[in-house]
1. What number of residues within segment 45-70 satisfy the criterion of being in contact with a helix residue (DSSP H, G or I) (Cβ under 6 Å, 6 or more places away or on another chain), of a type outside the set (K, R) and closer than 18 Å to N84 by Cβ?
2. Could you list, in sequence order, all residues of segment 55-66 that are modelled with pLDDT of 90 or more and surrounded by 15 or more Cβ atoms within 10 Å (Cβ to Cβ)?
3. Within segment 30-38, does at least one residue satisfy the condition of being at pLDDT 85 or above and surrounded by 13 or more Cβ atoms within 10 Å (Cβ to Cβ)?
4. Hey, can you tell me all the residues within segment 73-85 that are crowded, with 20+ Cβ neighbours inside 10 Å and farther than 17 Å from Y35 by Cα?
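The values are calculated or read from the model by the stated rules, or taken from the named source; none is laboratory data. Because the structure is predicted, anything quoted here is derived from the model rather than measured. Here Cβ is always computed from backbone atoms with ideal geometry, including for glycine, and neighbour counts include all displayed protein chains.
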Amino acid sequence: MNNSNACSLSIKELDKVSKQKELTAINTGRDIEPYNEKQDYLQYIDGKPRYDGVQSLLESRDIHIPYGSPEDSPDKETICGLGNN
């Protein structure tokens with residue numbers, strides 16, 4: 001996966017990321033707004049490089065995780081890992 005490619009995360013992948021974080025939020029008592037396909041994709045993801053889109057979406061929910069590296073596996077909880085889903 002090349003970080004310079006336009007973000008092409010599928011809605012299914014984004015929903016998965018959002019739901020994983022929602023579960024974490026439930027366990028910690030934090031409220032995290034669920035992913036909204038129409039608003040969130042255009043505002044935070046569309047036209048950005050893949051990892052920048054992932055980071056932008058998570059930061060919009062006040063979720064901060066390590067950036068990682070493009071070689072991160074999809075199960076690693078980093079920006080790059082989630083972007084490699």
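1. Qualifying residue count for the region: 12.
2. Initially, segment 55-66 is screened for residues modelled with pLDDT of 90 or more, giving 55-56, 66.
If the condition is that a residue be modelled with pLDDT of 90 or more and surrounded by 15 or more Cβ atoms within 10 Å (Cβ to Cβ), then Q55, S56 are the ones that fit.
3. Here is the first cut: in segment 30-38, the residues at pLDDT 85 or above are none.
No.
4. Those that are crowded, with 20+ Cβ neighbours inside 10 Å and farther than 17 Å from Y35 by Cα: C80, G81, N84.
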